[in-house]
Amino acid sequence: MELFKYGREVKMDVLKEVGNIGAGNAATALSRLLDKPIDMAVPKVQLLPFKEIAESVGGSEQVVLAVFLRVEGSAPGNLFFIMSPEAGKNLLQNLAGIEVSEDEQFSEMELSALCEIGNILAGSYLSSLADFTNLSMTPTVPGLAMDMAGAILSYGLLQFGEMGDDALLINTTFLEGQNEVEGQFFLIPDPPSFAQIFEALGVPLEHD
């Protein structure tokens with residue numbers, strides 16, 4: 001299913017609105033979790049082919065942290081929240097106030113905290129999309145991995161059995177005082193799900 005069968009400008013406007021609302025919900029959820037005000041910069045939203053995801057986070061051999069989960073319901077798919085290990089340490093230390101080791105390794109406690117934060121943020125974006133579309137979209141229990149981007153995506157493909165051809169990318173920046181942490185959400189709907197999402201949003205199909 002090619003995404004470009006849809007009116008592109010209308011599609012992007014709708015997705016940007018979903019991204020903005022999701023960012024607001026994620027900031028609120030993170031503020032509650034950390035008990036401090038957290039803001040989020042206006043997210044950058046784009047559509048890209050699945051094969052370009054690894055390149056967008058620095059290449060297939062770039063080591064990244066990834067929270068990943070399966071989306072179940074009316075529009076099933078897969079969701080990844082990806083950030084650099086440095087961003088993960090920054091998020092834990094400067095935003096969450098957790099003492100972290102100075103080396104590149106993560107303790108079990110640090111990984112657990114990152115998984116919980118990633119799960120809350122992913123849930124915020126997913127609930128925004130579900131509210132916008134009135135579709136049932138339920139996240140499964142998340143997993144977390146630190147590995148090369150290509151390996152993580154390949155694992156996701158094996159784990160979930162199916163990946164759509166296209167992804168919705170939301171570049172996100174969390175702000176707290178002078179601290180900034182960047183991360184990227186990738187929603188990869190199963191092949192039939194993008195059509196369901198856009199039809200639910202009232203975006204008409206373009207017929208060839």
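The values are calculated or read from the model by the stated rules, or taken from the named source; none is laboratory data. From a predicted model like this one, the values you see are computed outputs, not experimental measurements. Every residue, glycine among them, receives a Cβ derived from its backbone with ideal geometry; neighbour counts consider all protein chains shown. The protein model used for the area step is the full one, side chains on, heavy atoms only, and it has no ligands, DNA or RNA in it. Shrake-Rupley method; radii C 1.70, N 1.55, O 1.52, S 1.80 Å.
Some values worked out for this structure:
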quantity: Segment 175-181 - phi-based ³J(HN,Hα) in whole Hz, Karplus 6.51/-1.76/1.60, Gly and Pro as x; calculated: 10, 8, x, 8, 8, 10, 10
quantity: Estimated FRET transfer efficiency (GLU199, SER31; beta-carbon r; R0 30 Å; 0.05); calculated: 0.35
quantity: GNM flexibility winner over the chain from ILE188, ILE21, ILE98 (Cα, springs under 10 Å); calculated: ILE98
quantity: FRET efficiency, 1/(1 + (r/R0)^6) with R0 41 Å, evaluated for LYS51 and LEU175 via beta carbons; calculated: 0.85
quantity: Shape category assigned to segment 79-163 from the gyration tensor of Cα positions, a/c cut at 1.5; calculated: oblate
quantity: Surface share of carbon and sulfur [accessible, 1.4 angstrom probe, percent] for segment 2-200; calculated: 49 percent
quantity: Nonlocal amide H pairs with GLY73, under 5 Å, H built at 1.01 Å; calculated: THR138
quantity: Taking the convex hull of Cα positions in segment 34-103, its mean projected area over all directions (nm²); calculated: 7.0 nm²
quantity: Cut-off under 5 Å, modelled amide H: who pairs with ASP166 long-range; calculated: PHE50
quantity: Kyte-Doolittle at least 1.0, axis length at least 30 Å by Cα - qualifying DSSP helices, the chain; calculated: none
quantity: Under-5 Å amide H pairs with LYS44, H placed in peptide plane, nonlocal only; calculated: ASN171
quantity: Gaussian network model of the chain, Cα within-10 Å springs - most flexible of GLU182, GLU104, GLU86; calculated: GLU104
quantity: Only Lys, Arg (+1) and Asp, Glu (-1) charged, at Cβ; segment 49-158 dipole about Cα centre in debye; calculated: 480 debye
quantity: Charge dipole (the chain, unit charges on Cβ, about Cα centre) - positive-most of SER74, GLY183, ASN171; calculated: SER74
quantity: Relative contact order (%) - the chain, alpha-carbon pairs under 8 angstrom, separation at least six; calculated: 36 percent
quantity: Shape box of segment 2-200 [Cα atoms, principal axes, largest first, Å]; calculated: 48, 34, 26
quantity: At R0 = 35 Å, FRET efficiency that the Cβ-Cβ distance of SER107 and LYS16 yields, to 0.05; calculated: 0.40
